[in-house]
Amino acid sequence: MDNRPVGMFDSGVGGLSVLRAFRDITPEEDVVYLADTAWFPYGPRPAAEVRKRSFALTRRLLESNVKLIVVACNTASAAAISDLRKAFPVPFVGMVPGVKPAALRSRSGRVVILATEGTFDGELYARVVDEFARGTTVTAVTGTGLAALVEAGQAGTARARETLERLLGPQVKAGADTVVLGCTHYHFLAADIAALFPGVEIIDTSEAVARRSAQVLEETEMRAEPGRSGALNLIVTGDRDAFEAAMQRLGFEHTVMEATR
Ligand code: DGL
């Protein structure tokens, strides 16, 4: 039994997709969610910069005595997860673009991966495509501007749909039947994608990552006491009020129980 919190970080609201799934599965766990909005967006930054920042955020989470860190950001996972694992004594769970389920599920053999520049530049992406997508046509589409729309509370708006239509429309017309959400922010655009492209399958790995995190706690005998009600502690590096407003728009109004700068 281990009631220390689980740490999670992202450049902003994206990782809340993983947080929500994780809290549904393990409501007894305390979570410290670190939203690095002062550094948003990560996508266009050089990998070395994202790696350095990920190290700093990890140190900050360790100050909060976390027992496991979930890198709830594809870009940071691509830039840093293997180095984080080597450098720190806690277990890490990270995001991997859902290329494998996409290749297995696609009937047309054409899939689109929607992610940031940083995720496509990393070797993790190249590795999963090489390993799991033989015989499948995989098109990498950089979601320029999409994470910023979500961060600004514009999921579900005409502007979000226009941007998605421009980015994904040509691929769907060309026969793609599966879209992988390769950035945690894009979870909040799934309804827009489904409305624009009926029949297209959307692959979102946030729930799988939440399940994997719970499994790691189980395997390492670090589960919190059953029956307790886990607290959520929020750390925001940028404007805290703006972040809480963004959280509320995404339906997280009653979850912030403690505040830390
Ligand atoms: N949420 C981050 C990801 O999963 C990216 C957003 C950003 O560019 O900061 O890749």
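The values are calculated or read from the model by the stated rules, or taken from the named source; none is laboratory data. Since we're looking at a predicted model, the values are computed, not measured. Heads up, the Cβs are rebuilt from the backbone with ideal geometry, glycines too, and the neighbour counts pull from every protein chain shown. Note: areas computed on protein heavy atoms with side chains; ligands, DNA, RNA excluded. Shrake-Rupley method; radii C 1.70, N 1.55, O 1.52, S 1.80 Å.
Values as computed for the structure displayed
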| item | result |
| --- | --- |
| Test: residue in the range 65-82 that is of a type in the set (D, E, K, R) and more than 16 Å from the ligand (Cβ to nearest atom) | yes |
| Residue satisfying all of: in the range 189-207; open to solvent by 30 Å² or more (accessible area, probe 1.4 Å) and touching a residue at least 12 places away in the same chain (Cβ under 8 Å); farthest from the ligand (Cβ to nearest atom) among these | G199 |
| Selection from the range 213-225 of residues that are surrounded by fewer than 16 Cβ atoms within 10 Å (Cβ to Cβ) and touching a residue at least 12 places away in the same chain (Cβ under 8 Å) | T220, E221, E225 |
| Condition met for G118 (within 14 Å of the ligand (Cβ to nearest atom), in contact with a helix residue (DSSP H, G or I) (Cβ under 6 Å, 6 or more places away or on another chain) and closer than 21 Å to V209 by Cβ) | yes |
| Residues within the range 100-154 that are open to solvent by less than 30 Å² (accessible area, probe 1.4 Å) and part of a strand (DSSP E or B), tallied | 6 |
| Residues (touching a strand residue (DSSP E or B) at 6+ places or on another chain (Cβ under 7 Å) and either at pLDDT below 95 or within 16 Å of the ligand (Cβ to nearest atom) (or both)) located in the range 24-53 | Y33, L34, A35, D36, T37 |
